[in-house]
């Protein structure tokens, strides 16, 4: 009998438009690893809409963390998780149906410390494509320094390994996900394990940032983009993340 326990952690700030879709995707994926072995935790962050009610409707546990720090919000969910395997995904994103099954296969192979998932936007445009390349270019030095491509979007790892690297860095107001990926990879290298990327599965993520700011916003505002990529610029992070919606 499969007795693996998953905890899927979803940070959410006023996500009533997206959270139901996200949760339905998790529930669909859970059918391939036994639904009763999948715990869903939504961490509500400064929500003033119906996010919490929708999450509870779908059977998710709801926690509250009102700090303007996504690292702290994510840590709240992981610390409370009962699962052996942790999966983190944003509320405006959808995991594909075999995601949890593939994550279990990779971790139980004994070859991986954890890893990420390749994202796809829910719509395409030239502006989005160029902006994505620009973001990748800004991340390239970090990746080269740490031995190559580090996927993100949806992270997966054993809770014990998350604790071993001290979780998400709460001194960061952005780029906390890439920072965790770097530290997980380094921990894996010490133990002969790889940082992986799901092959069969991906994350379908909303293009709402482009809808809100415009498809060419990151290109037109390159100074702001670079400030966001420092990880510690509160004003830049507020303007693009925390004070939106």
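Here is a list: 215, 211. Which entry is at pLDDT 95 or above, over 22 Å from residue 75 (Cα atoms) and out of contact with any helix residue (DSSP H, G or I) (no Cβ under 9 Å at 6 or more places or on another chain)? Exactly one of 215, 211 is at pLDDT 95 or above, over 22 Å from residue 75 (Cα atoms) and out of contact with any helix residue (DSSP H, G or I) (no Cβ under 9 Å at 6 or more places or on another chain), namely 211. When restricted to residues that are surrounded by 15 or more Cβ atoms within 10 Å (Cβ to Cβ) and in contact with a strand residue (DSSP E or B) (Cβ under 9 Å, 6 or more places away or on another chain), the stretch 183-198 contains 10. Scanning the stretch 1-51 for residues that are more than 15 Å from residue 154 (Cα to Cα) and in a strand (DSSP E or B) yields 38, 39, 43, 44.
Table: residues versus (1) surrounded by fewer than 16 Cβ atoms within 10 Å (Cβ to Cβ); (2) farther than 29 Å from residue 17 by Cα; (3) without any contact (Cβ under 8 Å) to a residue 60 or more places away in the chain.
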residue	(1), (2), (3)
158	no, yes, no
168	no, no, no
176	no, no, no
218	no, no, no
235	yes, no, yes
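Looking only at the stretch 2-51, residues that are at pLDDT below 95 and on the phi > 0 side of the Ramachandran plot come to 1 in all. The set of residues in the stretch 195-223 being over 16 Å from residue 139 (Cβ atoms) and more than 19 Å from the chain's Cα centre (by Cα) consists of 211, 212, 213, 214, 215, 216, 217, 220, 221, 223. When you scan the stretch 52-109, how many residues do you find that are under 18 Å from the mean Cα position of the chain (by Cα), part of a helix (DSSP H, G or I) and free of Cβ contacts under 8 Å to residues at least 60 places away in the same chain? Residues in the stretch 52-109 being under 18 Å from the mean Cα position of the chain (by Cα), part of a helix (DSSP H, G or I) and free of Cβ contacts under 8 Å to residues at least 60 places away in the same chain: 4 in total. When the stretch 123-156 is filtered for residues that are more than 18 Å from residue 174 (Cα to Cα), touching a residue at least 24 places away in the same chain (Cβ under 8 Å) and in contact with a helix residue (DSSP H, G or I) (Cβ under 9 Å, 6 or more places away or on another chain), the ones remaining, listed by number, are 123, 125, 127, 128, 130, 146, 147, 149, 156. Each residue in the stretch 64-76 was checked for being crowded, with 19+ Cβ neighbours inside 10 Å and more than 25 Å from residue 236 (Cβ to Cβ), and 0 pass. Scanning the stretch 1-59 for residues that are out of contact with any strand residue (DSSP E or B) (no Cβ under 7 Å at 6 or more places or on another chain) and under 20 Å from residue 69 (Cβ atoms) turns up 13, 14, 15, 46, 48.
The values are calculated or read from the model by the stated rules, or taken from the named source; none is laboratory data. Not measured: the values here are computed from a predicted model. Here Cβ is always computed from backbone atoms with ideal geometry, including for glycine, and neighbour counts include all displayed protein chains.
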